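Scroll down for the structure; my scribbles are underneath it.
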């Protein structure tokens, strides 16, 4: 159904993860934030403190929910979590270091990087798979008949696939979209999909 309503989405990546996971492939696994990552989340929330929000959507993973709570509580909102916003499923790669993956399956990560929109780890997802479920999760969560402003706290690859669509880029270019932990981006959602990238008009630093 096409309407004239538009939704502004603020996409917030979670903060830095616990040092024990650096250099490991974790994807959709439950991984704790580092102390610095929690400080990053507070900084992201501070950047958005003056922004009226109609709702907060979040991944079901705690590293994204931490920021969601910081955004929702001062506004008297309850974050709404959705499994469709969880990070890219790395399948049998999850938990391995990149060296361990190379030892088990030489060249596997290079093959994935060459065609991430199509390539899947065993029992995992491609970026096309991820984009489809993220879009479905947002379609399910966004009212198509009311202009709204929402925050979405999620993960690096989740944000990248949404930015690719907003920018009109193929998913094969997603790796080129470098972003720091706790970074903030804004897109317009219209007619069930990202329609364009928006500028940010916020107080404070854009990336803590």
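The values are calculated or read from the model by the stated rules, or taken from the named source; none is laboratory data. A quick note: this is a predicted structure, and the numbers were derived from the prediction, not measured. Here the Cβ is made from the backbone with ideal geometry for all residues, glycine too, and neighbour counts use every protein chain on show.
Under the condition of being over 17 Å from residue 134 (Cβ atoms) and in contact with a strand residue (DSSP E or B) (Cβ under 8 Å, 6 or more places away or on another chain), the residues counted in segment 168-182 number 3.
Name the residues in segment 68-87 that are assigned to a helix (DSSP H, G or I) and within 11 Å of residue 133 (Cβ to Cβ), would you? 83, 84, 85, listed by residue number.
The set of residues in segment 125-178 being outside any helix (DSSP H, G or I), closer than 23 Å to residue 53 by Cα and within 14 Å of the chain's Cα centre (by Cα) consists of 150, 151, 152, 153, 154, 155.
Screening residue 76 with (1) without any contact (Cβ under 8 Å) to a residue 60 or more places away in the chain; (2) surrounded by 19 or more Cβ atoms within 10 Å (Cβ to Cβ); (3) at positive phi gives one miss only, at (2). Pairing residues of segment 117-133 that are on the phi < 0 side of the Ramachandran plot with residues that are part of a loop (DSSP other than H, G, I, E, B) and surrounded by fewer than 16 Cβ atoms within 10 Å (Cβ to Cβ), at Cβ distances under 6 Å and at least 6 apart in sequence or on separate chains, gives 126/118. Any residue in segment 52-63 that is without any contact (Cβ under 8 Å) to a residue 40 or more places away in the chain sitting within a Cβ distance under 6 Å of a residue that is surrounded by 24 or more Cβ atoms within 10 Å (Cβ to Cβ) and in a helix (DSSP H, G or I)? List the pairs, counting only those 6 or more apart or interchain. Partner pairs satisfying both residue conditions: none exist. Checked against the criteria, residue 43 does not count as closer than 23 Å to residue 142 by Cβ and touching a residue at least 40 places away in the same chain (Cβ under 8 Å).
For segment 99-116, a residue qualifies if it is surrounded by 12 or more Cβ atoms within 10 Å (Cβ to Cβ) and either assigned to a loop (DSSP other than H, G, I, E, B) or in contact with a strand residue (DSSP E or B) (Cβ under 9 Å, 6 or more places away or on another chain) (or both), and the qualifying residues are 100, 105, 115, 116. Residue 187 satisfies every condition listed in (1) more than 12 Å from the chain's Cα centre (by Cα); (2) surrounded by fewer than 21 Cβ atoms within 10 Å (Cβ to Cβ); (3) touching a residue at least 12 places away in the same chain (Cβ under 8 Å); (4) not in a loop (DSSP other than H, G, I, E, B) except (2). Residues of segment 43-62 that are part of a helix (DSSP H, G or I) and in contact with a helix residue (DSSP H, G or I) (Cβ under 7 Å, 6 or more places away or on another chain): 44, 45. Do we have any residue at all in segment 88-95 that's in a loop (DSSP other than H, G, I, E, B), at pLDDT 95 or above and more than 13 Å from residue 26 (Cβ to Cβ)? No: segment 88-95 contains no residue that is in a loop (DSSP other than H, G, I, E, B), at pLDDT 95 or above and more than 13 Å from residue 26 (Cβ to Cβ). Residues that are in contact with a strand residue (DSSP E or B) (Cβ under 7 Å, 6 or more places away or on another chain) and either more than 20 Å from residue 150 (Cβ to Cβ) or at pLDDT below 95 (or both) within segment 33-46 comprise 33, 34, 37, listed in sequence order. I want to confirm something. Restricting to segment 18-32 and keeping residues that are touching a helix residue (DSSP H, G or I) at 6+ places or on another chain (Cβ under 7 Å) and either modelled with pLDDT under 95 or within 22 Å of residue 103 (Cα to Cα) (or both), which single residue is surrounded by the fewest Cβ atoms within 10 Å (Cβ to Cβ)? Within segment 18-32, the match that is surrounded by the fewest Cβ atoms within 10 Å (Cβ to Cβ) is 23.
Within the span defined as segment 146-160, one or more residues are modelled with pLDDT under 95, closer than 30 Å to residue 46 by Cβ and exposed (fewer than 14 other Cβ atoms within 10 Å of the Cβ).
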